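Okay, structure first, notes after.
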Amino acid sequence: MKVIRPGGAAWVWGVAAVTATGLVAGCSSAAGSTKPAAAATTPSTGTPSTLTPSTGTAAGSGVDQAARAMLPKAILDAGTVEVGLGAAFPPYAYHPNGGSGYAGYEAGLMDAIMAKLGLKPHYSDVASVGDAVPMIQAGRIAVAALGITDTAAREKAAIFVDNLIGRDGAIFPAADQGKYSAFTDMCGLKVAAVTGSVSVTIVNAENTQCTQDGKPPMTLVQLKDNATTLLAVQSGQAQAAMETYPGASYQVAHNPGVFWALPLNEGLNARFPNGIAVDRNQPQLANAIGAALTDLINDGTYAQVLKANDVDPAINGVSAVHLDWATNGFS
């Protein structure tokens with residue numbers, strides 16, 4: 001059963017969860033916005049990216065007092081924390097059926113994490129992955145959860161509590177099923193990707209390999225959001241759209257006969273850590289979230305939340321919490 005709760009958006013930037021054609025907006029390494037991302041401020045160096053979360057002390061329901069004790073006094077006194085969730089990134093976080101509540105595995109995990117910490121979160125819409133870190137830097141939110149890819153650049157401004165292994169993928173029209181088997185088969189195609197996403201970097205890097213192999217490079221079509229990239233594939237504006245797993249498999253499952261997805265297991269960032277982004281100036285909060293998440297992994301709640309939201313723990317799940325994994329041993 002998917003987790004849905006009333007929404008409490010403080011900064012709703014007008015992203016629709018379902019397009020006019022019924023496509024559900026998905027998530028690649030970034031997702032779209034109907035408003036440009038806020039300008040990034042100069043990131044704080046904060047604390048080193050070698051933080052190690054406590055393993056926590058509690059399992060099952062109830063507050064983990066050891067994890068709660070890690071929280072900053074200001075958050076303990078307030079009893080709440082500002083959390084940004086995706087508005088249109090299934091199966092990560094989204095508004096179901098165009099409503100004001102939230103569903104998705106990130107939404108379910110954040111509910112469970114906040115319960116472990118004895119906090120009542122205030123959820124706000126984050127229209128794009130590219131907006132998440134600037135919103136944290138601007139002080140609008142302290143935490144962002146929408147399947148954000150952990151990168152060295154993003155770690156300059158946020159501590160990542162990594163909770164998923166993302167994998168590259170591409171979406172094609174269903175009629176092309178089996179036509180392509182590797183990333184290099186896409187050389188010469190017109191490929192859609194979300195502006196500012198890691199997918200843009202991946203396509204540009206793979207084009208170097210296309211050239212070395214004597215093949216024409218992919219033509220990159222950058223669009224505002226995932227829903228638009230999928231519409232581009234449907235309309236023929238693009239022959240493929242970059243989409244990470246589990247987002248790609250979600251789109252195929254929820255649009256039967258429309259799309260086919262290909263896992264891309266070679267090239268730049270074939271596997272990468274995804275996580276919850278926390279203000280780098282609040283390492284205590286990051287550690288507390290890590291401890292609560294460890295509880296959820298140990299008691300089985302983590303796997304249950306993933307399965308309930310069409311995410312396969314065997315493919316995308318983690319067995320332990322990692323902070324700033326992109327620069328701390330991920331391979």
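Every number in this text was worked out from the coordinates using simple rules, so none of it is lab data. Every value quoted in this text rests on a predicted model; they were computed, and no experiment measured them. As a convention, Cβ positions derive from the backbone with ideal geometry for all residues, glycine included, and neighbour counts pool all protein chains shown.
Details
- Less than 5 angstrom separates the built amide H of A170 from those of E243, L262, L264, all sequence-distant by 5 or more or on a different chain.
- Label point distance in nm, Q234-T327, each placed 7 Å from Cα along Cα→Cβ: 4.1 nm
- Overall form of the range 189-331 per C-alpha gyration tensor (a/c, 1.5; a/b vs b/c): prolate
- Of the GluC sites (Glu not before Pro) in the range 205-278, those whose Cβ has at most 14 other Cβ within 10 Å and which sit in DSSP loop: E266
- At the listed q of 0.11, 0.21 Å⁻¹, the Debye profile of the range 169-263, built from one uniform point per Cα, gives log10 I(q)/I(0) equal to -0.27, -1.00.
- Across the range 303-309, coupling constants 3J(HN,Hα) worked out from phi with the 6.51/-1.76/1.60 Karplus curve, θ = phi - 60°, read 5, 5, 5, 4, 4, 5, 10 Hz, and Gly and Pro carry x.
- Pairs beyond 26 Å (Cα-Cα), from K190/K224; K116/K307; K156/K307: K156/K307
- Model label zone, A175; criterion: amide N under 15 Å from point 7 Å along Cα-to-beta-carbon; scope the range 237-267: 237-240, 257-260
- With contacts taken as Cα pairs under 8 Å and at least 6 residues apart, the range 169-263 reaches a relative contact order of 47 percent.
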